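Taking it in order: structure first as structure tokens, then the write-up.
The values are calculated or read from the model by the stated rules, or taken from the named source; none is laboratory data. Everything quoted here is computed from the prediction, not taken from an experiment. Because the Cβ atoms are built from the backbone with ideal geometry, glycine has one as well, and the counts that use them run over all protein chains shown. Side chains are part of the model used for accessible areas, which takes the heavy atoms of the whole protein and leaves out ligands, DNA and RNA. Shrake-Rupley method; radii C 1.70, N 1.55, O 1.52, S 1.80 Å.
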Amino acid sequence: MERCMARETYHHGELRLALIDSARALLTEQGIEAFSLREAARRAGVSPAAPAYHFGDASGLLTAVAMQGFAELTQTLVARAAGTRTPADKLQVLGRAYIQFAFDHPALFHLMFRKDKLRITDDLKTLAIAAFEPLQQAVCAAAGVNDISPELLASMLAAWSMVHGFAHLALDGQFERFSGTQSMEAFCDRYIPLAIAQLKIS
């Protein structure tokens, strides 16, 4: 009875958001590989046909979740970098914020970069590029230039690869042999600035 009432009270936009929320909760609890469109619908209190109407299939719903993730990542990076004083500080803050986002939303973070699970739409690409902008701006500021030369692009890719790889390795427990008794957050706080400094972006 509750499920029928839920279907009747959802408006179009609300149902779409409810399905995204239920999909995110399911991802958090069970991971990407166990994701089920039917279970996402059940958790939202709607019929199994409802997700197909709004998203087409599982990849459509997961793409909507990933788009939400990229938007949230961009907001996080922009907010955390807003109070920094120098370009070097901003790079370190962005790196730590990126990794913290991965720690806070591990299943979502993994999904955002799983092309095999997503529809690579123009909207998804736009949001993914927007999440790269804070890093691009910080690297340009650190180098004291506005134009993106091949050398500057290489620096940006190196910075992103380092932080992204650091996040994945940390999530996979690969740094536990080095962290000792300190928390992974404390380990990252110590070594992210040192790792970024190794790039010598200037």
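Remarks
- Most mobile listed residue (Pro134, Pro48, Pro106) in the chain, GNM with C-alpha springs under 10 Å: Pro48
- Placing a label point 7 Å from the Cα of Glu133 along the Cα-to-Cβ line, the residues of the range 61-77 whose backbone N sits under 17 Å from it are 67-77.
- Computed over the chain: relative contact order in percent, which uses C-alpha pairs under 8 Å that are six or more apart: 21 percent
- Extension gain for Leu169-Thr84 works out to 27.9 nm (0.36 nm per residue, less the C-alpha to C-alpha distance).
- In this rough spin-label picture, where each label sits 7 Å from Cα along the Cβ direction, the Lys115-Met184 distance is 2.6 nm.
- Global geometry of the range 58-199, whether rounded, prolate or oblate, following the gyration tensor of its Cα atoms and the 1.5 cut on a/c: oblate
- Of the solvent-accessible surface of the range 58-199, computed with a 1.4 Å probe over protein heavy atoms with every protein chain present, carbon and sulfur atoms account for 55 percent.
- Rolling a 1.4 Å probe across the protein heavy atoms gives the chain an accessible surface of 55 Å² per residue.
- Listed by chain and number, the aspartates and glutamates whose C-alpha is less than 15 Å from the C-alpha of Lys117, apart from same-chain residues fewer than 8 away, are Glu33, Asp57.
- When you count the other C-beta atoms within 10 angstrom of each residue and take the mean per peptide, 90-98, 174-182 line up highest first as 90-98, 174-182.
- Spin-label model, Leu153/Ala52: points 7 Å from Cα along the beta carbon direction are separated by 4.3 nm.
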